[in-house]
1. Give me the inter-chain shielding for B:40-52: mean count of other chain Cβ atoms within 10 Å, whole number please.
2. Student exercise: in chain B, how many lysine pairs 8 or more apart or on different chains have Cα atoms under 24 Å apart?
3. Run a plain Debye calculation on the stretch A:1-98 (Cα atoms as equal point scatterers, no solvent) and give log10 I(q)/I(0) at q = 0.14, 0.21, 0.25 Å⁻¹, rounded to two decimals, same order as the q list.
4. Who wins for biggest fluctuation among B:V93, B:V29, B:V13 in a Gaussian network model of chain B, springs between alpha carbons below 10 Å?
5. Taking the Cα centre of each part, how many Å lie between the stretch A:46-115 and the stretch B:8-53?
6. Once you've got the GNM for chain B with C-alpha springs shorter than 10 Å, pick whichever of B:E71, B:E88, B:E15 has the biggest mean-square fluctuation.
7. Can you put A:D63, A:D18 in order of Cβ neighbours within 10 angstrom, beginning with the fewest?
8. Given axes a ≥ b ≥ c from the Cα gyration tensor, I'd like to know whether the protein assembly as shown is rounded (a/c under 1.5), prolate (a/b larger than b/c) or oblate.
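Just so you know, all these numbers are worked out from the coordinates, no wet-lab data involved. Since we're looking at a predicted model, the values are computed, not measured. Reconstructed Cβ throughout: ideal geometry from the backbone, glycine too, with neighbour counts over all protein chains shown.
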Amino acid sequence: GAGVSQSPSNKVTEKGKDVELRCDPISGHTALYWYRQSLGQGLEFLIYFQGNSAPDKSGLPSDRFSAERTGGSVSTLTIQRTQQEDSAVYLCASGPGLVRYNEQFFGPGTRLTVL
Amino acid sequence: AQSVTQLGSHVSVSEGALVLLRCNYSSSVPPYLFWYVQYPNQGLQLLLKYTTGATLVKGINGFEAEFKKSETSFHLTKPSAHMSDAAEYFCAVSVGDSNYQLIWGAGTKLIIKP
């Protein structure tokens, strides 16, 4: 079956512009996660959704970051007024539910470059 | 706070040699432990995980890991490296009754020498 997909695969933008990153999870997966991966760093948790709800947004680095999920499916991560330090690979993962031992299934990521 | 430490940002081994990637965690409660692999320009995929029961866990592609509570370790091994094993490997831990998050190590890039 289809895996997690993300679009665009690459995004180059100018400082100060807004960007939207999209994630299509595996059908039927209720849990959805966003991570940020900077060069040489591990994964930084940003936010998770259970259905359309995001109970914990504390991982978002600043109020320029926001995310939503509609219909329990597609999710969009929006970064407003992008800064150079936002440059990273943004990974989305989905899972069958918020259970500690569940595997997370990852998309290929969106590489964001802020000039 | 929980943390995961992967010793060595880069590990280089010869093809056919033993692979050992180290992972240590800090947790005051029994953890669930994971190893993920990331091939170039791809997302992460699960190699193996420890939840409960047998402490030696076997995963895909001939990898295995052993949970050692006394050493707070979950090192990843493979008896004989293949060129196709070249990738970045991430250790992660999930702790807490209601903690949905994985705490990630910084990753170890495995380099295979011909």
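1. Values: counts 0, 5, 4, 14, 11, 5, 5, 0, 0, 3, 1, 3, 1.
Mean number of neighbouring Cβ atoms from other chains: 4.
2. 14
3. The Debye formula, applied to the Cα set alone, gives -0.49, -1.09, -1.46.
4. Sorting by GNM fluctuation, first place goes to B:V29.
5. 23
6. B:E71
7. Values: A:D63 8, A:D18 11.
By the 10 Å Cβ count, ascending, the order reads A:D63, A:D18.
8. Details: a/c = 1.86, a/b = 1.43, b/c = 1.31.
Because a/c hits 1.5 or more and a/b exceeds b/c, the protein assembly as shown counts as prolate.
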